[in-house]
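Below: one structure, written as structure tokens.
The values are calculated or read from the model by the stated rules, or taken from the named source; none is laboratory data. Owing to the predicted nature of the structure, the values given are computational and were not obtained by experimental measurement. Cβ atoms come from the backbone with ideal geometry, glycine included; neighbour counts cover every protein chain shown. Heads up: the accessible areas ignore ligands, DNA and RNA and are worked out on the full protein's heavy atoms, side chains in. Shrake-Rupley method; radii C 1.70, N 1.55, O 1.52, S 1.80 Å.
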Amino acid sequence: MSIWDRLSAALAALARGEGLSALFERRAPETSVAFTIAVIALGAKMAKADGLVTRDEVRAFRAIFTIPPEEEANAARVFDLARQDVAGFEVWAARIARMFGPGAPVLEDLIESLFAIAMADGHYHPGEDAFLAEVARIFSIPEDHFARLRARFAHPEHPDPYAVLGVAPGTPLTEIRAVWRAAVREAHPDRAVARGLPEEAVRLAEDRVKALNRAWEEIQTHHPQRQPAPAG
């Protein structure tokens, strides 16, 4: 059963007139469904953070989830229910944090998804940054973790490789290598699925691994301690 089948079943449990938040208040849905609803709900609210909802931002959900044509109506319904929900994004973020537990790794996955949505139109608006910073605070995500995500997404063409890996430029190359290896292990798509992300969203983990590898390659190339090429 796909995530969209499970999402459809969760929506079917809503009584007439109930809002999307009832799914969290009455009985918490399974992790993968909750993650999907949280991304769509917070994404719908963040889409207004820069003053308008663009087609690119709506389309950004396709960069995170694989949405079959026959499931577009279910995804659209969740998006519309989230936009109609009178609760502010802070209420939604707090509700989600309580369900997963403050600081849970899946919450960082969720913030990463929101960054992808924010950057769908090619611009990182101050309103989006304020939105994401507040959500990260509610999620109890450490500031240095949030800074790594910002470094990766806010300047996609020229991200600071040291900021992406969360290390200082003067850090010895051996230590940076250890940080990179640990980050790649943690970012593996299988770990994402184990945390409860739906399989339809694991491309985020794949992109994360690529970004970490690019950062390491750039640091390794330019670091003062790099090994010189063999003579001849």
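Would you check if ILE141 is open to solvent by less than 90 Å² (accessible area, probe 1.4 Å), β-branched (Val, Ile, Thr) and either within 16 Å of GLU108 (Cβ to Cβ) or out of contact with any helix residue (DSSP H, G or I) (no Cβ under 6 Å at 6 or more places or on another chain) (or both)?
yes
Which of the residues that make up the stretch 75-103 are under 17 Å from the mean Cα position of the chain (by Cα), without any contact (Cβ under 8 Å) to a residue 60 or more places away in the chain and over 15 Å from MET46 (Cβ atoms)?
Of everything in the stretch 75-103, those that are under 17 Å from the mean Cα position of the chain (by Cα), without any contact (Cβ under 8 Å) to a residue 60 or more places away in the chain and over 15 Å from MET46 (Cβ atoms) turn out to be ALA94, ALA97, GLY101, PRO102, GLY103.
What residue, of LEU173, LEU165, is aliphatic (A, V, I, L, M) and under 25 Å from ASP129 (Cβ atoms)?
Criteria check complete, one pass: LEU165.
From the list ALA192, ALA215, ALA211, ALA183, which one is part of a helix (DSSP H, G or I), touching a helix residue (DSSP H, G or I) at 6+ places or on another chain (Cβ under 6 Å), of a type outside the set (Ser, Thr, Tyr) and at pLDDT below 85?
Testing whether each residue is part of a helix (DSSP H, G or I), touching a helix residue (DSSP H, G or I) at 6+ places or on another chain (Cβ under 6 Å), of a type outside the set (Ser, Thr, Tyr) and at pLDDT below 85 leaves just ALA192.
Tell me yes or no: at least one residue of the stretch 108-118 is modelled with pLDDT of 80 or more, under 27 Å from LEU14 (Cα atoms) and open to solvent by 10 Å² or more (accessible area, probe 1.4 Å).
no
Of the conditions (1) surrounded by fewer than 17 Cβ atoms within 10 Å (Cβ to Cβ); (2) in a helix (DSSP H, G or I), LEU132 satisfies every one except a single condition; which number is it?
If we test LEU132 against (1) surrounded by fewer than 17 Cβ atoms within 10 Å (Cβ to Cβ); (2) in a helix (DSSP H, G or I), just (1) comes out false.
Can you tell me which of VAL86, VAL106 is on the phi < 0 side of the Ramachandran plot and not in a helix (DSSP H, G or I)?
Residue meeting the stated conditions: VAL86.
Would you confirm whether or not the stretch 209-228 contains a residue that is surrounded by 13 or more Cβ atoms within 10 Å (Cβ to Cβ) and under 15 Å from the mean Cα position of the chain (by Cα)? Don't jump to the end; show me each part of the working.
Filtering the stretch 209-228 for residues surrounded by 13 or more Cβ atoms within 10 Å (Cβ to Cβ) gives 209, 211-216, 218-220, 223.
Adding the requirement that they be under 15 Å from the mean Cα position of the chain (by Cα) leaves 209, 211.
Yes: one or more hits.
Report yes if some residue within the stretch 117-126 is among the acidic types (Asp, Glu) and touching a Phe, Trp or Tyr at 6+ places or on another chain (Cβ under 9 Å); otherwise report no.
No: zero hits.
Using the structure shown, decide if ARG83 is surrounded by 13 or more Cβ atoms within 10 Å (Cβ to Cβ), of a type in the set (Lys, Arg) and at pLDDT 85 or above. First the steps, then the outcome.
Values: surrounded by 13 or more Cβ atoms within 10 Å (Cβ to Cβ): yes; of a type in the set (Lys, Arg): yes; at pLDDT 85 or above: no.
No.
Of the residues PRO169, PRO159, which is in contact with a helix residue (DSSP H, G or I) (Cβ under 6 Å, 6 or more places away or on another chain), outside any helix (DSSP H, G or I) and surrounded by fewer than 18 Cβ atoms within 10 Å (Cβ to Cβ)? It would help to see each step written out before you state the result.
Working: PRO159 fails: surrounded by fewer than 18 Cβ atoms within 10 Å (Cβ to Cβ).
Just a single option satisfies the conditions, and that option is PRO169.
Across the stretch 32-58, what is the total count of residues that are touching a Pro at 6+ places or on another chain (Cβ under 9 Å) and either at pLDDT 75 or above or not in a loop (DSSP other than H, G, I, E, B) (or both)?
Residues in the stretch 32-58 being touching a Pro at 6+ places or on another chain (Cβ under 9 Å) and either at pLDDT 75 or above or not in a loop (DSSP other than H, G, I, E, B) (or both): 5 in total.
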